[in-house]
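Have a look at the structure below, then the notes.
The numbers here are math on the coordinates, done by the rules we state, and not lab data. Note that the coordinates shown come from a computational prediction; the quantities given were computed from them, not determined experimentally. Cβ sites come from the backbone with ideal geometry, for glycine too, and all protein chains shown count toward neighbours.
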Amino acid sequence: MIRSLQYFALAVPDPEVGRQFYTDFGMEGRADGDRVVMRCADRDQDQVVLVGGVKRKRLHHICLGTRADEIGPIKEKLEAGGVKLLDPPYDGAPDGVWFLDPDGVFVCLCVAE
């Protein structure tokens, strides 16, 4: 069972421009390799990840959370339903089960509190 929306990731032309945009709204940003990770103040969970290298902004992926004991059965259901499981789409991507939704957007299912 899906328990939470962990964060969403946007592919953007310039992550630093995105960092300034979200900072203006009160979020805190930090560089993470070639990405920028944004969090709400005083939170220990990422809310927005900005991945660079595209000409137009688009949704890159979403990350959903589940319990450790549920990730295996969900993975089995995906595979039984014909969903192709993928490698993470970039270095440093979170561990988890990766696949494409029907619109071609990456989805990551990971263990989360």
Which whole-number percent gives the relative contact order of the chain, counting Cα pairs below 8 Å spaced six or more residues apart? 29
At q = 0.20, 0.22 Å⁻¹, what base-10 log of I(q)/I(0) does the Debye formula yield for the chain when every alpha carbon is treated as an equal point scatterer in vacuo? -1.08, -1.23
Quick one: net charge around THR23, please, counting Lys, Arg +1 and Asp, Glu -1 for every other residue with C-beta under 12 Å from its C-beta. 0
Environment charge of PRO13, counting only residues whose C-beta is closer than 9 Å and scoring Lys/Arg +1, Asp/Glu -1: +2
Helix-only mean residue ellipticity at 222 nm for the chain, each DSSP H run of n ≥ 4 adding -39500 (n - 2.57), per residue, nearest 500: -6000 deg cm²/dmol
Going Cα to Cα from LYS75, which aspartates and glutamates come in below 16 Å? Please leave out same-chain ones fewer than 8 positions away. ASP87, ASP95, ASP101
